[in-house]
Structures are given as C-alpha cells and as structure tokens.
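As structure tokens, the structure follows; a few thoughts come after it.
Values in this text are rule-based calculations from the coordinates and carry no lab data. Here the structure is a predicted model, which is why all the values come from computation and not from measurement. Note: ideal-geometry Cβ built from the backbone for every residue, glycine included; neighbour counts use all protein chains shown.
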Amino acid sequence: MESVILIARRSYNLNFAEKIPSEFKLLEAVRDCTAITDGDTRIYIYPNDSIRDELVREELDRITSRISDPVFYTVDFSDISFCRTLLLNIADDLELLVDNDHGRLLPGPEFVQILRNNPMWDWRRDKV
C-alpha cells in the first residue's frame, strides 16, 4: 500500500466519514480507522501519532507553523484513481494540510485544485 498524510487542527474522524461520496461504501470502523471501498479495493484512514516522530525537525516546524498542535492521519491506498476521487471529496478543507509523503506539503484546497486541473496527476512521481 501507498500513503498520503492528512494533517488536521483537531480530531477529524467524523468529518472524513461525512465527506465520503455516496458511490463508495463506508465499512465498519475499528479503533478510529475509517475504511472505504469502491467495491474493488479499499482505502484506510486512521490517526497516526507516530508520524510526528518520523519527521525531521524542519518538516515538523513547517507543519507546526501552520497548525500549532497537528493531528496526523495516514491514508493507505493501493488504487491511485480511487484515492484521487476520495481526496477530491475529503481534502478540500482549509483545516487540512496534505503531505504527499514525497516531499510536498500543501493546504487541502491547493492539493485538490491541482487534482482538478490535472485529473491524472500522480503526486508520487510528478512534482506539478
């Protein structure tokens, strides 16, 4: 699985569940993990406090300069197309930062705007 990191100002679990498009199915959550399926594959969103420990000081400073007490969420996916669609719906929020786990940190609406402008954008490879 691949990952994207969402960074919020507060606990965001319920907000993720509310923003899932109706064509996807929300599976039963276990221990704050939100699981979503499109019928073929799944995406898992869960709080991940260990991310803070994995960041180098400069990365953490960059995040805390925008969000003083960040809450980190990992979005695990195997189908980037499904993940794009889901992120278009859940990440378009000024309360969120998106870390593509490949050196890019953007406010949620900026990340979503790049996705809208470049529907096939693969943030794992392309720097756009």
Selection count, the stretch 82-103, where residues are part of a loop (DSSP other than H, G, I, E, B) and either touching a residue at least 24 places away in the same chain (Cβ under 8 Å) or buried (at least 16 other Cβ atoms within 10 Å of the Cβ) (or both)
6
Unique residue being among the charged types (D, E, K, R) and either under 16 Å from the mean Cα position of the chain (by Cα) or within 20 Å of ILE114 (Cα to Cα) (or both) when the list is GLU95, GLU59, GLU54:
GLU95
Name every residue in the stretch 33-58 that is surrounded by 11 or more Cβ atoms within 10 Å (Cβ to Cβ), of a type outside the set (S, T, N, Q) and in contact with a strand residue (DSSP E or B) (Cβ under 7 Å, 6 or more places away or on another chain), in order of residue number.
CYS33, ALA35, ILE36, ARG42, ILE43, TYR44, ILE45, TYR46, PRO47, ILE51, ARG52
Name the pairs whose Cβ atoms lie under 8 Å apart, with the first residue in the stretch 9-20 and farther than 13 Å from LEU94 by Cα and in contact (Cβ under 8 Å) with a residue 12 or more places away in the chain, the second part of a helix (DSSP H, G or I) and of a type in the set (S, T, N, Q), and 6 or more positions between them or separate chains?
LYS19/ASN89; ILE20/ASN89
From the list ASP69, ASP79, ASP49, ASP32, exactly one residue is touching a residue at least 12 places away in the same chain (Cβ under 8 Å) and either within 22 Å of TRP121 (Cα to Cα) or of a type in the set (Phe, Trp, Tyr) (or both). Which is it?
ASP79
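Tell me, which residue of the stretch 15-49 that is of a type in the set (S, T, N, Q) and touching a Ser or Thr at 6+ places or on another chain (Cβ under 9 Å) is nearest to CYS83 (Cα to Cα)?
First, the residues of the stretch 15-49 that are of a type in the set (S, T, N, Q): 15, 22, 34, 37, 41, 48.
Applying the additional criterion that residues be touching a Ser or Thr at 6+ places or on another chain (Cβ under 9 Å) yields 41, 48.
Working: THR41: 10, ASN48: 18 Å.
Restricting to residues being of a type in the set (S, T, N, Q) and touching a Ser or Thr at 6+ places or on another chain (Cβ under 9 Å), the top hit is THR41.
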